[in-house]
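Comments concern the structure below.
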Amino acid sequence: MFSRLSIFHKIIIPPTIALLLFIVYMIYVYAQYTKSREDFDIIRKEHFPILQIADKNLLLLETMKKSFQDAITANEASWFSLAQENKTSIEQNLISLQKFHSLQNSKEIQEMADDLNDFYFLSLKISKQMIQEDTDNSYDDTLVVAFEQARVECDKEFSDFKSYQINLFNQTIDTTNEKRKSIVYTAFVLGLITFVTVIILTSIISLRTRDSLRALLQSVHNMVDENPDFS
């Protein structure tokens, strides 16, 4: 079948195959570029804002603790309102986290809210007791144990959330970088395949065409040598 093709058709075979391979490469690059852009959008629109909120929550949590300590030190129950403001800010931040796609219907957010609530009310209760009983320093041991446990759990929940988000952030960046390296590697491989394919096809077609031309020239020489009479 190949031998029946005209010289023109044989000549256009290598560039046609090269064009097809180039189209395949461009489709692959476009698909990877689109996916890479989506990954960067996730980093910019989700991971980075979530990390910022996680940092704010940890800072607000520490500020809330200090507000209780300051209220106890100054023996001013009215200062508890500052701790309430910090708690409200944290709760608003937790609500805002739910708007991110990766955290929708997240049980972790609800657990942080529950731990925060427990820690706040135990802190408020023990702080009020410490102010009221400042004269004799008699405290409910059960309440102290519950408060300490709530504090540890709350700290751990918020710290673990931030650590997990940092790991997820770094993992997404590493994955995106690996994909970009993969695009370069695939481009090199496809380019090499295209080059080798075109060279091989060009060589085969050149040899076939050369043989055909030699056969044609030989026929012409034979006709000339025989001096045929066309009259």
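The values are calculated or read from the model by the stated rules, or taken from the named source; none is laboratory data. Source: prediction; values computed, not measured. Cβ sites come from the backbone with ideal geometry, for glycine too, and all protein chains shown count toward neighbours. What goes into the accessible areas is simple: the full protein's heavy atoms, side chains included, and nothing from ligands, DNA or RNA. Shrake-Rupley method; radii C 1.70, N 1.55, O 1.52, S 1.80 Å.
Per-residue accessible area (protein heavy atoms, 1.4 Å probe) orders Phe40, Phe161 as Phe40, Phe161, starting from the largest.
With N counted as the residues of the range 16-144, its alpha-carbon radius of gyration over 2.2 N^0.38 Å works out to 1.79. Label positions at Gln92 and Asn177, each projected 7 Å from the Cα along the C-beta direction, are separated by 3.7 nm. Between Leu143 and Glu85, the C-beta separation translates, for a Förster distance of 25 Å, into a calculated FRET efficiency of about 0.55.
Pairs spanning more than 24 Å between alpha-carbon atoms, out of Lys65/Lys128; Lys107/Lys128; Lys35/Lys99: Lys107/Lys128.
Lys156 to Ile193: FRET efficiency via 1/(1 + (r/R0)^6), r the Cβ-Cβ distance, R0 41 Å, to the nearest 0.05? The calculated FRET efficiency here is 0.15. Of the residues Tyr120, Tyr164, the one with the largest accessible area comes first in the ranking Tyr164, Tyr120, computed with a 1.4 Å probe on protein heavy atoms. What does the accessible area of Glu111 come to, in Å² to the nearest 10, when a probe of 1.4 Å is used? Its heavy atoms expose roughly 90 Å² to the probe. Once a ≥ b ≥ c are taken as the square roots of the eigenvalues of the Cα gyration tensor of the range 42-109, is the result rounded (a/c under 1.5), prolate (a/b larger than b/c) or oblate (a/b not larger than b/c)? Verdict is prolate for the range 42-109. Heavy-atom accessible area for Met64, with the other protein chains in place and a 1.4 Å probe, reaches approximately 0 Å².
Computed with a 1.4 Å probe over protein heavy atoms only, the accessible area of Phe195 comes to about 130 Å². The simple spin-label model puts a point 7 Å past each Cα toward its Cβ; for Phe121 and Ile166 those points are separated by 3.2 nm. Computed extension gain for Lys35 through Glu76, at 0.36 nm per residue and net of the alpha carbon distance, reaches 9.1 nm. Per-residue extension of 0.36 nm, minus the Cα-Cα distance of Ile204 and Thr63, leaves a gain of 42.9 nm for this segment. If R0 is taken as 22 Å, the Cβ-Cβ distance between Asp114 and Leu51 corresponds to a FRET efficiency of 0.50.
Residues Asp160, Asp141, sorted by accessible area with the largest first, give Asp141, Asp160 [1.4 Å probe; ligands and nucleic acids excluded].
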